[in-house]
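Below: one structure, written as structure tokens.
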Amino acid sequence: MKERRFETEVVHVGYDSKEHLGSLSSPIFQTSTFTFESAEQGEKRFAGEEAGFVYSRLGNPTVSTLQDRIAALENGEAALGFSSGMAAVSATLIALTKAHDHILCSQGLYGCTFGLLSMMEDKYDIQSDYISMESEEQIRETIRPETSCIYVETPINPTMKVIDLEMVARVAKEYEIPVVVDNTFSSPYLQRPLDLGCDIVIHSATKYIGGHGDVVAGLLIGKEEFISEVAMTTQKDVGGVMSPFDAWLLLRGLKTLPIRMERHSETAEKVVEQLKAHPKVTQVYYPFDPDNPDYHIAKKQMRLGAGVISFEIRGGKKEAQEFLNRLSFLKIAVSLGDAETIIQHPATMTHAVVPEDRREKMGISNTLIRMSCGLEAWEDIWSDLEQSLNHINVAETTMTQD
Ligand SMILES: *Cc1c(COP(=O)(O)O)cnc(C)c1O
């Protein structure tokens, strides 16, 4: 990666057309298994004495191309592809922990990651603490002898709080605890946690990496040693592997990642400005908004603010739902990072699994709306939002309650 720029590597790294009959686009190796020329060759492949493919759960050439590319883009040594972001999250957390361990998490996590951690606590007594990670002292106070990893999302879904990754990595290093970062909301074009001293990066590739809303997939990037351990245990034996066709869709999506991220971010900045000036909007959360308390951290570690915005509207749950129902071409859907602008209500959708008291602590109220700016003209996105906001009727008595 070192010499060529990101925009070039995203198109080329990890693939050589000369090795594939000149095919410009990477072939899809749609095969479950690989034949051996002899019994002895099969024996050597299984013993790891000869390089080569064996069976697609253990490795596939199309998936390998994608793994090499994303490893280079995140500036990591190696990578693995998974059937979903949650398959990558679960394979990582299970590989890093044993019964009775402790995990230190950011306050505010993807809903299903929170669900997985709750299950691990119930079944294996692996306890988790959720903290804001706003100071070194707070992290030091919460680390225990049995803390096996620090798990961070930034920007945090859906409140857009930002955590200083360089600071977290510095403290974790003193205790030799690995830092795992879910980098889904930024993509490697906007933020590279490994460059900031973190150890492991996870992506829901379903989002910005795929970029077209047509694939569910996950990626894991880190040191060669950790990646091989996961490959031989929680990937091979748990089995959430990526399909060759999904790897191909992601290779295709990745080529336009820098262009898409620039556009998503530019549109989000424009929409944020408009939302902040609208009387029916009480709060707007966006990492690159100068009024965001974490703005300086965001600027330090992110190239741009990405396309996700959260905001609070006046009223309660009823008004939030009415607002979504009145949108004309903007779509009500969970997920993010697609060409289409999609918008949702975290309290009843993505974060409905999180108990209400914890939701409140995470800053997810009943009037919070999350939107992922697509690639449409920002003026059209805003005019749809505006007409719907203008239509909501907020009765005085419901202004502050639910
Ligand atoms: C979507 C998402 C996940 C889960 O990914 P899937 O591909 O849906 O399994 C994990 N983390 C974050 C931040 C996400 O947005």
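The values are calculated or read from the model by the stated rules, or taken from the named source; none is laboratory data. Source: prediction; values computed, not measured. Glycine also receives a Cβ, built like all others from the backbone with ideal geometry; neighbour counts cover every protein chain displayed.
Which of the residues belonging to the stretch 51-90 are of a type in the set (Phe, Trp, Tyr) and not in a loop (DSSP other than H, G, I, E, B)?
Taking the stretch 51-90 as the starting set, the residues that turn out to be of a type in the set (Phe, Trp, Tyr) are 53, 55, 82.
Passing the criteria: TYR55, PHE82.
Any chance you could count how many residues in the stretch 75-87 are under 21 Å from VAL215 (Cβ atoms) and either more than 8 Å from the ligand (Cβ to nearest atom) or outside the structural domain of CYS198 (by TED's automatic domain parsing) (or both)?
Here is the first cut: in the stretch 75-87, the ones under 21 Å from VAL215 (Cβ atoms) are 79-87.
Then drop every residue that is not either more than 8 Å from the ligand (Cβ to nearest atom) or outside the structural domain of CYS198 (by TED's automatic domain parsing) (or both), which leaves 79-83.
Matching residues across the stretch 75-87 total 5.
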For this session: Just name the residue that is farthest from the chain's Cα centre (by Cα) out of those in the stretch 1-29 that are in a loop (DSSP other than H, G, I, E, B), surrounded by fewer than 12 Cβ atoms within 10 Å (Cβ to Cβ) and not small (Gly, Ala, Ser).
Result: LEU21
Exercise. Looking at (1) within 16 Å of the ligand (Cβ to nearest atom); (2) modelled with pLDDT of 95 or more; (3) not polar (S, T, N, Q), can you tell me which one MET160 breaks?
Worked result: (2)
Exercise. Which of the residues spanning the stretch 175-193 are within 17 Å of ALA72 (Cβ to Cβ) and touching a strand residue (DSSP E or B) at 6+ places or on another chain (Cβ under 6 Å)?
Worked result: ASN183, PRO193
Seminar exercise, completed: When LEU375 is run through (1) part of a loop (DSSP other than H, G, I, E, B); (2) farther than 30 Å from LEU190 by Cβ, the failure sits at (2)
Seminar exercise, completed: Flagged in the stretch 106-154 as more than 21 Å from the chain's Cα centre (by Cα) and among the β-branched types (Val, Ile, Thr), in numbering order, are ILE126, ILE139, THR142, ILE143, THR147
For this session: Mind listing whichever residues of the stretch 282-313 are over 26 Å from ILE209 (Cα atoms) and surrounded by fewer than 20 Cβ atoms within 10 Å (Cβ to Cβ)?
Result: THR282, GLN283, PRO290, ASP291, PRO293, GLU312
For this session: Being closer than 11 Å to LEU165 by Cα and under 14 Å from the mean Cα position of the chain (by Cα) is the filter; apply it to the stretch 184-213 and report the residue that is farthest from the ligand (Cβ to nearest atom).
Result: ARG192
For this session: Among the residues of the stretch 30-50, write down those that are modelled with pLDDT of 95 or more and in a loop (DSSP other than H, G, I, E, B).
Result: GLN30, THR31, SER32, PHE34, THR35, PHE36, GLU37, SER38, GLU49, GLU50
For this session: May I ask you to list the residues in the stretch 344-384 that are touching a residue at least 40 places away in the same chain (Cβ under 8 Å) and of a type in the set (Gly, Ala, Ser)?
Result: ALA352, GLY363, SER365, SER372, GLY374
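If I filter the stretch 110-119 for residues that are assigned by TED's automatic domain parsing to the domain that holds ASP195 and free of Cβ contacts under 8 Å to residues at least 12 places away in the same chain, do I get at least one hit? First the steps, then the outcome.
To start, the set of residues in the stretch 110-119 that are assigned by TED's automatic domain parsing to the domain that holds ASP195 comprises 110-119.
Adding the requirement that they be free of Cβ contacts under 8 Å to residues at least 12 places away in the same chain leaves 118-119.
The answer is yes; a qualifying residue exists.
Just to be sure I understand, how many residues within the stretch 214-238 are assigned to a loop (DSSP other than H, G, I, E, B) and within 15 Å of the ligand (Cβ to nearest atom)?
Step one: of the stretch 214-238, the residues assigned to a loop (DSSP other than H, G, I, E, B) are 214-217, 223, 236-238.
Filter once more, so that each one left must be within 15 Å of the ligand (Cβ to nearest atom): 214-217, 238.
Adding up the residues that qualify gives 5.
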Exercise. Hey, does the stretch 67-79 have a residue that's surrounded by fewer than 19 Cβ atoms within 10 Å (Cβ to Cβ) and in contact with a helix residue (DSSP H, G or I) (Cβ under 8 Å, 6 or more places away or on another chain)?
Worked result: yes
Seminar exercise, completed: For the stretch 306-323, pairs from a residue that is more than 30 Å from SER187 (Cα to Cα) to a residue that is among the charged types (D, E, K, R) and part of a loop (DSSP other than H, G, I, E, B), with Cβ under 7 Å and 6 or more apart or across chains, are ARG314/LYS280; GLY316/ASP402; LYS317/ASP402
For this session: Could you grab the pairs with beta carbons closer than 9 Å, sequence gap of 6+ or different chains, first residue in the stretch 155-183 and within 21 Å of GLU137 (Cβ to Cβ), second one among the aromatic types (Phe, Trp, Tyr) and in a loop (DSSP other than H, G, I, E, B)?
Result: ILE156/PHE185
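How many residues does the stretch 322-345 contain that are among the polar types (S, T, N, Q) and buried (at least 17 other Cβ atoms within 10 Å of the Cβ)?
Start the filter on the stretch 322-345 by keeping residues that are among the polar types (S, T, N, Q), which leaves 325, 328, 335, 341, 344.
Narrowing the set further to residues that are buried (at least 17 other Cβ atoms within 10 Å of the Cβ) leaves 341, 344.
Of the residues in that region, 2 qualify.
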Problem set entry | Of the criteria (1) assigned to a helix (DSSP H, G or I); (2) within 14 Å of the ligand (Cβ to nearest atom); (3) surrounded by 24 or more Cβ atoms within 10 Å (Cβ to Cβ), which one ALA268 fails | (2)
Problem set entry | Restricting the stretch 91-115 to residues that are in a loop (DSSP other than H, G, I, E, B), of a type outside the set (Gly, Ala, Ser) and at pLDDT 95 or above, the residue that is nearest to the ligand (Cβ to nearest atom) | THR97
